[in-house]
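K.L.:
Please find one structure pasted underneath; my questions will follow.
Just so it is clear, none of the values below were taken in a lab; they were calculated from the coordinates. Because the structure is predicted, anything quoted here is derived from the model rather than measured. Here the Cβ positions follow ideal geometry from the backbone for every residue, glycine too, while neighbour counts run over all protein chains shown.
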Amino acid sequence: MASLLIAAAWAYGADETWVVLPGLGPVPISDAIETCQAGQPAGAVMELVAKQPPRTSVFQAIAGRLLAQPPEERQSYWQYNFSIDWPTREIDVRYTPPGDAYPAGVIPACSAVGIWYTGRAMKIGHACATSKEDCRNALGDDDHDLAKAALKAAGTGDGVRDPIVLALNGVSGLATYRDPKPFLQAACDAPGAAMKQQRLIDGTDLLAARRACLQMLVAAKRTTLTPLGLPCPTPWSDVADDDPFVWVEPTTDAGLTDRYVQEQIDTLTDRLVRMDPSHATCEAPWAMVWRKETVKFWREGQMTRACADDALGLGDRAHLCPTLLEATSTSCDSGNRDACHRQAHMLAAGLQTEADVAGAADQFLSNCLAGHAPSCQVLPEYGAPLAQRLARAAADARSSARDQLRTWAPHLPTTWVTAQIVALLEGALVAADGPEVEALLSAFADRLDSLAIDGARARLAALPPPTEPPEEAP
């Protein structure tokens, strides 16, 4: 079929062998046919595609525009998706989920070829309805002979109607290389197929698909485009009759509507609505399904990437990956120090949990003492909660606090360590705990100057001797 399509197309003459692909430009119809049938750009289509800038998916563009709207409008747009107020910020749009884009140029090629064949068939049909001479001139000798041969092969006699007219109405095999329906159908079906395959589709592709569906709808309804009678407002509700991309000619259906019933017309209308998810006022059930499935795919894709992306900012990562803290905690429990470090940051910032600065400080400290350098580097930022922890330890057992401070000291600023030594000394002196004062002076002799040491010893000497507890009466 492909070779016949190409041969027939070239036979029409050089001035009719080019079609314009939306968003790309003119290409030989043979390359457009090959592109549509192969599902990949071919020939001149491939060359044009290679020159195009990076593509932006329609859904990404819609989400980007929603960011400029007030929250209540975003909420209205996603009202059928469990009231998710999405997107909430730019990262939602930029952080595209994994998923291949629909091959560039394929949908425009299918649409352009289908509409080109529709236009040619309608011109020929109009000529054949005018006179036999006009019909033969429109077809050309080769096509005229093909029409007769196809009609004869189909077992239809020559006595009822002109064989050329019968061929044009899809009675014969002539339609196998002129029928626009396979191309229009391929373009019209593409957005739905892209969703099922979890592929992204850009605005050019969507425009081409809409035009293909509109062309089929016009032929199926045997009517003009205004009004289309769509169940909700869309930019395509008021398409003008003279849209240059859609042929409207009541004298022939170009082989499009030979078996159409109302259900098929409804299906085409349904597809047109599904293609336009950008209006919050469009509350048709099928639009709801489109949004829910698209948002589900988008958010799951974001989660998949965010949960595994250590380079993504932690706030954005937690925003896009709801299970991040749970997975991080599990990994930390298994001994992953990087995970423990991340968990501490999430505790400090209150990401996916209540903020717990003291707990974060403990986590950083534990990680640091286990040899994790990044945790040691952030410890100075948590001097206040660590000092409180040390004070609580001293209240329970001064010797325990002293041992802890000796362990922490190499990883914390000298000024902070000195301040804690002084605080522990003051506590021991107030309690008149001479042995603990001596133990502190010995343990931190290298961190205290002589003036501080002499002052502490002088105060210790001035303390009254401990009183002996009274003996109990016999």
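K.L.:
With a cut-off of 8 Å between alpha carbons and a minimum separation of six or more residues, what is the relative contact order of segment 323-381 in percent?
P.N.:
After rounding, I find 24 percent.
K.L.:
Ok, one more. If you scale each eigenvalue of the Cα gyration tensor by 5 and take the root, what three semi-axes come out for segment 397-461, rounded to whole angstrom and sorted largest first?
P.N.:
18, 14, 9
K.L.:
Can you compute the FRET efficiency between S334 and R459 using 1/(1 + (r/R0)^6), with r the Cβ-Cβ distance and R0 = 41 Å? Round to the nearest 0.05.
P.N.:
On the way: r = 50 Å, r/R0 = 1.22.
Between S334 and R459 the formula returns 0.25.
K.L.:
Something else about it: Which entries in K221/K292; K181/K292; K51/K181; K181/K221; K123/K221 show an alpha-carbon gap greater than 21 Å?
P.N.:
From the list (K221/K292; K181/K292; K51/K181; K181/K221; K123/K221), the Cα-Cα distance tops 21 Å for K221/K292; K181/K292; K51/K181.
K.L.:
For the pair Q40 and E90, how long in nm is the line joining their label points, each one 7 Å along Cα→Cβ?
P.N.:
Once both label points are built, they end up 3.7 nm from each other.
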